Structures are given as structure tokens and as C-alpha cells.
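Just so it is clear, none of the values below were taken in a lab; they were calculated from the coordinates. Here the structure is a predicted model, which is why all the values come from computation and not from measurement. Positions of Cβ are generated from backbone atoms using ideal geometry, with glycine treated the same way; all protein chains shown enter the neighbour counts.
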Amino acid sequence: MLYEDDRLSQTFAALANPTRRAILARLTQGQATVNQLAEPFKMSLPAISKHIKVLENAGLITQGQKAQYRPCTLDAKPLEEISRWTEQYRSIWEASFDRMDNYINQLNNKEK
């Protein structure tokens, strides 16, 4: 269980940065080079490379070797792990929403 917790921590830490989330969003459209990933950002290539390294260390992307290019590809497995982890809280969220619906209905009935 400790290894899984470490993976989750590493994945959440990687996702905590908006630049890294934007990089992942771009990769949902297909593989991209570092230069392509850097285009929308006002930062240096070394800075983008550091973000890519964090994502790679978290297992969220892989980098291939294609001539002098190293195309990046999304690997959704760590996102699946987060989904499984958050699923255990679904019943709590649903119960909370049910209570809120009941309260809103009570307020609406009082107004009528």
C-alpha cells in the first residue's frame, strides 16, 4: 500500500501545476515534441523540459526516440489510479448532494 500511496503523491504533485496540466491536455490530442509542447507558454525550453521530466517521473508521459526528436505521449495509467482512489469517496459526495437536494426542496416548499 505504501508504494501506491507514493505513486498517488507523485501523481498529485505533478498535477498540482497548471503548466503540467496544460501539457497533459495537449497530449490528449496525440504525441508532441518538446518544441510543440512549449509553443503556448512564455517560458524557456529548459523550463518546459523540467515540467516534462516531472510528468515523466510521475509516469504520466513517456518520451520516445525518433531521430533527433523525443516525442512525448500521454500515459493515463496514473490517472486511472487517481480515479480508483477518488471512487472510494463517491458515496460521501452523493449523500452530501442528496442532503442538499432535500434542504433545497424544503426551502422551496416553505416558499409556496
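Things to note:
- Rounded to whole numbers, the Karplus 3J(HN,Hα) couplings from phi for the stretch 89-96 are 9, 4, 4, 5, 4, 5, 5, 5 Hz, using 6.51 cos²θ - 1.76 cosθ + 1.60 with θ = phi - 60°, and x at Gly and Pro.
- Point-to-point label distance, S96-D6, nm (Cα→Cβ direction, 7 Å offset): 3.1 nm
- Taking label positions 7 Å along the Cα-Cβ direction at both I82 and S44, the computed distance is 2.8 nm, reported to one decimal.
- The chain has equivalent-ellipsoid semi-axes of 40, 18, 11 Å, by the square roots of 5 times the alpha carbon gyration tensor eigenvalues, sorted largest first.
- For the stretch 1-83, the list of trypsin sites (Lys or Arg not before Pro) that fall in a loop by DSSP and count at most 14 other C-beta atoms within 10 angstrom reads K42.
- Candidates per chymotrypsin sites (Phe, Trp or Tyr not before Pro) in the stretch 31-112, loop by DSSP, up to 10 other Cβ within 10 Å: Y89
- Helix-only mean residue ellipticity at 222 nm for the chain, each DSSP H run of n ≥ 4 adding -39500 (n - 2.57), per residue, nearest 500: -21000 deg cm²/dmol
- Per-residue ³J(HN,Hα) for the stretch 37-46, Karplus 6.51 cos²θ - 1.76 cosθ + 1.60, θ = phi - 60°, Hz, x for Gly and Pro: 5, 7, 3, x, 9, 9, 8, 6, 4, x
- Phi angles of the stretch 50-57 translate, via the Karplus equation with coefficients 6.51, -1.76, 1.60 and θ = phi - 60°, into HN-Hα couplings of 5, 4, 5, 5, 4, 5, 5, 5 Hz per residue; Gly and Pro are given as x.
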